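Just so it is clear, none of the values below were taken in a lab; they were calculated from the coordinates. None of the values given here were measured: they were computed from a predicted structure. Because the Cβ atoms are built from the backbone with ideal geometry, glycine has one as well, and the counts that use them run over all protein chains shown.
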Amino acid sequence: MEAGVAHLRSEWVSGTHIRIATIGVAEQDTIVQVGRPLSEADETLRRFAWMLAVASAFGILLAGGLGLLVARNVVRPIGELEASVSDIANGEGLGNRIDVKGADEVAQLGTAFNSLLSELESAKVQQTRLVRDAGHELRTPLTALRTNIEILQRHELDETARVRILSAAHAEVEELTDLVAEVVDLATDRYEEEPISTVLLGEVVQAVAERQNRRNGRTVVIDADDSIVEGKPAALERAIANIVSNADKWSPVDGEIHVSVVQGTVTVQDSGIGFSDLDIDHVFDRFYRSDDARAMPGSGLGLSIVQQIVTDHAGSVFARNRLDEQGAEVGFTLPDGTI
């Protein structure tokens with residue numbers, strides 16, 4: 001053992017924990033050992049260990065509680081989203097909205113979901129109105145058709161009366177067929193899957209004018225530039241055909257229909273009586289028919305289909321009375337780069 005250097009060790013002696021220091025004294029050629037019980041130190045360490053264990057347990061519980069609280073606050077909007085989706089799945093809750101707070105990702109999700117609810121609610125309202133209005137419009141031709149059939153079944157009629165009633169029934173069937181087709185067009189948007197291509201509006205107008213002339217000999221005067229748009233050809237042709245057919249219905253037999261195409265704007269002019277102040281704001285409403293139009297064939301859906309098609313092409317529709325002479329002009333404008 002090196003003299004003057006203390007060596008420390010711990011030993012258990014008769015059940016007592018002792019710290020022993022051993023040092024050599026060179027001058028006296030002697031080794032000195034000194035021992036001291038470690039009971040106080042061991043007791044202090046045991047208390048510190050218990051305090052550390054209790055503090056660790058408390059810290060873990062506190063951290064878990066705070067984590068649970070934070071997690072609940074974070075996922076609460078998601079829970080509300082889940083509840084709203086469940087309500088919608090059960091046919092309820094379209095009028096409910098998520099209470100959006102903050103600007104984090106969850107808040108953005110809530111805002112997007114509120115927008116989706118608004119779109120769904122609007123679509124449901126439009127669907128309900130379409131079904132209700134369609135049911136109302138269908139009753140008239142169905143009632144007339146049923147009446148004509150009952151007359152044929154219950155009464156003996158001469159040939160003239162029989163032919164007249166059959167002609168009336170045939171006209172009601174034609175009107176009913178057109179009405180059902182137009183309702184289906186509005187409800188399903190059958191042009192949705194049509195591919196987009198480059199459309200020369202003047203050529204579409206020319207095709208519609210030729211078809212109108214073949215049907216009833218109506219003269220359609222065209223003044224078209226070289227306007228080109230990107231859109232759905234069949235849908236745009238249907239829109240122009242509906243406007244031209246509306247003008248044909250209101251123009252006198254010997255009257256002309258004028259169609260102009262200028263920088264993406266299609267304007268159809270008739271030579272009829274024009275719009276009244278009460279009717280002009282409702283021209284494109286579904287099933288709307290003025291008092292003068294109720295005596296004419298039609299369902300009141302033709303111009304509504306025009307508005308739907310033009311809106312799908314990011315355009316706008318218009319209807320007004322002519323300033324130069326008697327009649328009305330109806331049309332639409334498609335912006336550059338239409339889809």
**Residues with amide H under 5 Å from that of G264, placed H, sequence gap 5 or more** = S227
**Complete:** The ³J(HN,Hα) series, computed from each phi in region 317-328 with the Karplus coefficients 6.51, -1.76 and 1.60 at θ = phi - 60°, rounded to the nearest Hz and given as x for glycine or proline, is 10, 8, 8, 7, 7, 6, 8, 7, 7, 5, x, 10
**Message:** Could you tell me the relative contact order of region 197-333? Use alpha-carbon pairs under 8 Å, at least six residues apart, and round to a whole percent.
**Reply:** 24
**Request:** With label points built 7 Å along Cα→Cβ from the Cα atoms of A144 and D225, find their separation and express it in nm.
**Result:** 4.3
**Request:** Can you tell me the order of 11-23, 250-262 when each peptide is scored by its average per-residue count of other Cβ atoms within 10 angstrom, highest first?
**Result:** 250-262, 11-23
**Request:** Would you mind checking which residues have amide H under 5 Å from T219's amide H? H placed 1.01 Å from N; only 5 or more apart, or other chain.
**Result:** I257
**Message:** Students often check this: by mean Cβ neighbours within 10 Å, which of 103-115, 55-67 ranks highest, and how do the rest follow?
**Reply:** 103-115, 55-67
**Message:** Please list, by residue number, everything in region 140-159 whose backbone N is under 14 Å from a paramagnetic label point 7 Å out along Cα→Cβ of A168.
**Reply:** 141-155, 157-158
**Prompt:** Using the beta-carbon distance between I196 and K249 and R0 = 35 Å, what value does 1/(1 + (r/R0)^6) give for FRET efficiency, to the nearest 0.05?
**Reply:** 0.70
**Fill in**
Here the FRET efficiency for L69 versus I18, based on Cβ atoms and R0 = 45 Å and rounded to 0.05, is 0.30
